[in-house]
Amino acid sequence: MVRLSPEEKIYIIHGVEDNIREDGRSQTQYRPIEVETGIIPSAMGSARVKLGNTDVIACVKADTFTPTWNKPDEGKLQLHVDLSATASPWFEGRRGEQTSEEITTILNKAYESIKLESFCIVPQVKCWLVDVDISVLSCDGNMYDAIGFAVKAALATTMVPKIVASEEDEGEKELQITDDPFDTWTPNVSNIPCLVTLSKVGDSVMVDATNKEEQCSSFTCILAVTETGKILSTFKVGPGSVQPVTFSKLILEASSIGRSLHSELLSALKKENGLRKREIHGFLN
Amino acid sequence: MAGLDREDIGDKSVSASFRLASDRISLLTPCEHPELYTPGQDIGPETGLLRGHGTYQDNGRIKASVAGVLEHVNKLIMIRPLKSRYNGEIGDVVVGRITEIQQKRWRVDANARLDAVLLLSSVNLPGGELRRRSVEDERMMRQYLSEGDLISAEVQNVFSEGTMSLHTRNLKYGKLSQGVLVTVPAPLIKRSKTHFHTICGISLIIGTNGYIWLYPTPKSTEEGAGGFARNLELRVEPREREAIARMQCCINALAESRMMVYDTSLVAAFEVANKFSVKELLKPEVKLEIVMLTQHMMGLNC
């Protein structure tokens, strides 16, 4: 990551405070976001999200598992992040592995509290274990938000052959994959959150910080917000601290931001779904 | 807590626009591709021809050593690379960032293959003292320029392995204060008489290496970009900020559409960008319009 000079930082900080950021955006303005789903034909679901110069791919793979006794009717969602060394020299080698492990842990924590009852096939017998592999191709700040969008978009367009439980045979259920290739299961994404990263710069709060702006922020927290604006989890990255009053304001703000992000994302996905013939651009350009 | 005390923060509207990849707007105008050579591709027999840059000789044949376009000048044959790092030339104005401090020299990232060096003996000392640099000066180096600082400089010398030696022995060069650095591919910068401009209400230094520095026009005339003084008290006015953001967008749009970046094209693009509000400048359709109208104004077709 390029180290900024103190003058550049001051310029960015004053810019955020004056509500004219370096690239002309306001404090609550995202960079243009581009979504595309179904980019990987061999995956059960996939999506690529470009947020400015941040570029993320999410790829879904579903498996089944026997649920544990304390959560007999809940599936599992597991995320794994891979940071490409092409995104930044920082992600090269061992250090990159450590960073991606760190981010994986944070993300799994963020998604942990979702109730995944819709991921259940037969209670106590079989549930869906959904793996989401995330690849960060390039990073220009606000990686978490992009990952959040990509995960949600990929899950929303996932299609898995349906598994049906056949007649009970001496108390045991038999599970079968349907023969009909069009009979598929798509996870219910209504409770999958969007991640909203808020950065505090000077006395102001902004969304969608670029790499440069992230260097100037004094406090960054990430909030997982559901479609109804509820906060699922919060976590903080990097150094810094805030007053409790400020934090509760951040939560309120994140809730309203999250709500509108959800509706925008869902309408984009709906629009894409409605396209009759779609050429897939993929991730090579 | 000026920003947070407002009551409306809970329902401040966020603006995020999701678009689909199928609606992607490309800023590159479709034009006929010239024939491209790939590294190792045969160009022709060596007899009667002169081998230029981007080629090598193999068994009496000339072959391409880079991916690019063939160029003929009488008997000289060369391949102009599609994409390249900055190749310094003596006298070029560059903008660079200090990456390391060594004995008697600073290492500068100048978008070239190798870091450039700025010798302690090739900077003007504060106050304009002329003397040999002592050990004291060496100890003071970090006070003058530290890691991460941006400078404008001139290429003094290019060594055989490709490293550049820079100098700032002129009052117009030196440490850069508040502003924005924009990076474009180095070959897109047009070399011109002057690389220091004050246009459209802001000042800019168009580094030949593809680093462009945008900064608010200094109030007093004598206080140029040079010198080593830090200026953290200055608060840039919103109007200048908007102009800088607008210019930054213009430069990025021009670079994305592979148009040459120099004062004329920038003024033209800025004029077009003036009719948009700063907040919509990042939108691809706005960028496309800026590019199209700029090309139209400059009478370019491709």
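Things worth noting here:
- Span from the region B:146-199 Cα centroid across to the region B:256-274 one, whole angstrom: 20 Å
- With semi-axes defined as the square roots of five times the eigenvalues of the C-alpha gyration tensor, the equivalent ellipsoid of region A:156-285 measures 41, 21, 13 Å, largest first.
- Taking label positions 7 Å along the Cα-Cβ direction at both B:GLU35 and A:LYS109, the computed distance is 6.1 nm, reported to one decimal.
- Candidates A:SER88, A:SER256, A:SER166, ranked by Gaussian network fluctuation over chain A, Cα under 10 Å, top entry: A:SER166
- Counting only DSSP beta bridges whose two residues both lie in the protein assembly as shown, roughly 85 percent are antiparallel.
- In region B:117-192, the chymotrypsin sites (Phe, Trp or Tyr not before Pro) that fall in loop regions by DSSP, at most 12 other Cβ within 10 Å: B:PHE159
- Whole-angstrom gap from region A:244-283 to region A:1-26, using each part's C-alpha centre: 26 Å
- C-alpha long axis of helix A:93-112 to longest principal axis of chain A, angle in °: 70 degrees
- Evaluated at q = 0.18, 0.23, 0.26 Å⁻¹: base-10 log I(q)/I(0), Debye formula over Cα of region A:166-223: -0.76, -0.92, -1.00
- At most 10 other Cβ within 10 Å, DSSP loop - chymotrypsin sites (Phe, Trp or Tyr not before Pro), region A:1-80: A:TRP69
- Isotropic mean projected area of the C-alpha convex hull, region B:35-86 (nm²): 3.4 nm²
- Prolate/oblate/rounded label for region B:91-239 (Cα gyration tensor, a/c 1.5): oblate
- Extension gain, B:LYS275 to B:HIS197, is 25.8 nm, computed as 0.36 nm per intervening residue step minus the present C-alpha separation.
- The residue list B:TYR86, B:VAL236, B:PRO34 was ranked by how far each Cα lies along the charge dipole of chain B toward its positive end, using unit charges on Cβ atoms, and B:TYR86 comes out on top.
- Principal semi-axes of the equivalent ellipsoid, √(5λ) from the alpha carbon gyration tensor of chain B, are 36, 32, 17 Å from largest down.
- Computed from Cα atoms, the angle from the helix A:6-17 axis to the main principal axis of chain A rounds to 70 degrees.
- Kirkwood Rh, angstrom, region A:137-186 [1 / mean 1/r, Cα pairs]: 13.9 Å
- Region A:239-285: GluC sites (Glu not before Pro) in DSSP coil with no more than 13 other Cβ atoms inside 10 Å: A:GLU279
- Carbon plus sulfur fraction of accessible area for the protein assembly as shown, probe 1.4 Å, in percent: 51 percent
- Binning the C-alpha pair distances of region A:6-47 at 5 Å intervals from 0 yields a P(r) profile of 5, 20, 16, 11, 9, 8, 9, 11, 8, 3 %, listed from the shortest bin outward.
- Under 5 Å, built H, 5+ apart or other chain: amide partners of A:ILE121: A:LYS126, A:CYS127, A:TRP128
- Using the rule -39500 (n - 2.57) for each DSSP H run of four or more residues, divided by the residues of chain A, the 222 nm mean residue ellipticity is -9500 deg cm²/dmol.
- Test item: Cα-centred dipole of chain B, Lys/Arg +1 and Asp/Glu -1 on Cβ, debye: 520 debye
- Farthest towards the positive end of the charge dipole of the protein assembly as shown, among the residues A:SER256, A:VAL2, B:VAL108, is the Cα of B:VAL108, using unit charges on the Cβ of Lys, Arg, Asp and Glu.
- The C-alpha atoms of region A:45-150 occupy a region whose extents along the principal axes are 46, 26, 20 Å, arranged from largest to smallest.
- Across the protein assembly as shown, counting alpha-carbon atoms alone, Rg and Dmax equal 27.6, 100 Å.
- Whether chain A is rounded, prolate or oblate, judged on the alpha carbon gyration tensor where a/c under 1.5 counts as rounded: prolate
- Given charges at beta-carbon only (K, R positive; D, E negative), |dipole| of the protein assembly as shown in Debye: 2080 debye
- Here B:ARG239 and B:SER13 are evaluated by their C-beta separation; at R0 = 25 Å the FRET efficiency comes out at 0.55.
- Between the Cα long axis of helix A:244-274 and the first principal axis of chain A there is an angle of about 50°, rounded to the nearest 10.
- Each label was represented as a point 7 Å from its Cα along the Cα-to-Cβ direction; for A:LEU137 and B:SER22 these points are 1.9 nm apart.
- Theoretical FRET efficiency, 1/(1+(r/R0)^6), r = Cβ-Cβ of A:LEU175 and A:GLU97, R0 35 Å, to 0.05: 0.40
- Only Lys, Arg (+1) and Asp, Glu (-1) charged, at Cβ; region A:167-232 dipole about Cα centre in debye: 1100 debye
- Entry note, chain A: relative contact order of 20 percent, from Cα contacts under 8 Å with a spacing of 6+ residues.
The values are calculated or read from the model by the stated rules, or taken from the named source; none is laboratory data. As the structure is a computational prediction, the values presented were derived from the model and not from experiment. FYI the Cβ positions are ideal-geometry reconstructions off the backbone, even for glycines, and counts take in every protein chain you see. Note: accessible area is taken over every heavy atom of the protein model, side chains too, but ligands, DNA and RNA are not part of it. Shrake-Rupley method; radii C 1.70, N 1.55, O 1.52, S 1.80 Å.
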